[in-house]
Amino acid sequence: MDNGQYVDGSIYFYAPDKGAPIFFAVAFAISGIYHVYQCISYKSWRLTGFYVSCAVLFSGGFIVREMGAYDYGNLVKYIVSVCLIYAAPPILELANYNILGRILYYVPYHSPIHPGRVITTFAFISSIVEALNGNGAAYSANQSLPQSKQDIGRALLKAALLIQIVVIALFLLLAAVFHRRCVRAGIESDKLRNSLYTLYASTALLTARTIYRIVEYWSVANLHFGPGFDPMSISPIIRYERYFYVFEASLMLINHCMMNLRHPRKYLPKSTKTYLAKDGQEVTGPGYKDPRHFLATVVDPFDLIGLIKGRGKETPFWEQDTGGAGSGSVGNGVPASRNKDDPEAA
């Protein structure tokens, strides 16, 4: 029974529940297998393949946590489970960045940024967060290390969590600016609304989880274990396992299952070249092109250098020739393919 009392010899503070890890390991595995099926069915590996990776990490983490529940003094099992479970949520955030990019491709003329730059820019930042998360979790969980290195681990984790909050805020700002532009332009599309609302819900779940982790680590940041230390002075968020299962495991499982039920490909076309024309019809055009080197797109996603030099002032593909998106042509006299009349258009 989780009563908030310290259990002698436990690295977790409490004696971990033996049933919950099995449930979550199986639940994430089922969701992951369904995501594999959906990736194959929708041919959406590039769009939602991240969910498969996350399911593997979560399932593996809870399997090791189950092993640790029978051996809660084993440091290696504890470190492995913490690292695996900590590594998954940033990848879920990366999946959201990828989905937002696809949404921006769908209505390119209201995108504040080149849609393809969303994933590269946020992936670069997420790689930093992942590195901080992994090293921080390993250092802070390893109680055999000197206190100075454990403190470094906690500092790395706090930095990673704070960066995640900042990135989430920037991500939401980007999505909100795009959404506001669409609303002001009077764009009526159930596909667009559903994909954005699902993205907002997923981001809310991830934000709640991140806030929980920040509160958790701040609550133990100034604790120093030693003679005379009272375990009951530790925050309840550490002493009770239920908080972990409510604000980490459950929220992330809800996010996973929500994406199964409201899969992005139910609302977004397969091809990034298919976009919503200004007359409300889906059109297949030439798509976005960025002649810059890949590294340049990562460092300067908004092409500020191009703005200064006057580069990129050519007519957008959705406005070429006789009006672009609403005219039935996509430039150079090439007719646009409207998905309404083309059942094979993805």
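Basic side chains Lys and Arg get +1 at the Cβ, acidic Asp and Glu get -1 at the Cβ, and with that the dipole of the range 33-146 about its Cα centre reaches some 360 debye. Descending by average beta-carbon neighbour count within 10 Å, the peptides 145-156, 123-134 line up as 123-134, 145-156, the highest first. So what's the net charge close to Gly68: Lys and Arg +1, Asp and Glu -1, counting the other residues with Cβ under 15 Å from its Cβ? So the environment of Gly68 carries a net charge of -1. Separation of the alpha carbons by more than 24 angstrom is noted, of Lys18/Lys149; Lys43/Lys278; Lys18/Lys77, for Lys18/Lys149; Lys43/Lys278. Carbon-plus-sulfur accessible fraction, the range 26-67 (probe radius 1.4 Å, protein heavy atoms only): 74%. Taking the charge dipole of the range 129-187 about its Cα centre, with +1 at Lys and Arg Cβ atoms and -1 at Asp and Glu Cβ atoms, the residue from Ala155, Ala185, Asn135 reaching farthest to the positive side is Ala185. Is the shape of the range 53-178 best called rounded, prolate or oblate, per the rule: a/c under 1.5 gives rounded, else a/b larger than b/c gives prolate, else oblate, with a ≥ b ≥ c the square roots of the Cα gyration tensor eigenvalues? Note, shape of the range 53-178 comes out prolate. Less than 5 angstrom separates the built amide H of Glu282 from those of Ala277, Asn339, Lys340, all sequence-distant by 5 or more or on a different chain. For the range 5-114, the gyration tensor built on C-alpha atoms gives a prolate shape. Its axis ratio a/c (a ≥ b ≥ c) is at least 1.5, and a/b is the larger of a/b and b/c. What the phi angles of the range 166-177 give under the Karplus curve with 6.51, -1.76 and 1.60, with θ = phi - 60°, is a coupling list of 4, 5, 4, 4, 5, 4, 5, 4, 4, 5, 5, 4 Hz, glycine and proline written as x. Since only Val52, Tyr42, Ile11 are under comparison, the one whose Cα sits farthest along the positive direction of the charge dipole of the range 1-83, derived from C-beta charges on Lys, Arg, Asp and Glu, is Tyr42.
Overall dimensions of the range 151-273, expressed as equivalent-ellipsoid semi-axes from the Cα gyration tensor (√(5λ), whole Å, largest first), are 39, 16, 11.
The values are calculated or read from the model by the stated rules, or taken from the named source; none is laboratory data. Since the model is a prediction, treat every value here as computed from it, not as a measurement. Ideal geometry is used to build each Cβ from the backbone, glycine not excepted, and the neighbour counts take in all protein chains shown. Remember, those area values only see protein heavy atoms, side chains included, never the ligands or the DNA or RNA. Shrake-Rupley method; radii C 1.70, N 1.55, O 1.52, S 1.80 Å.
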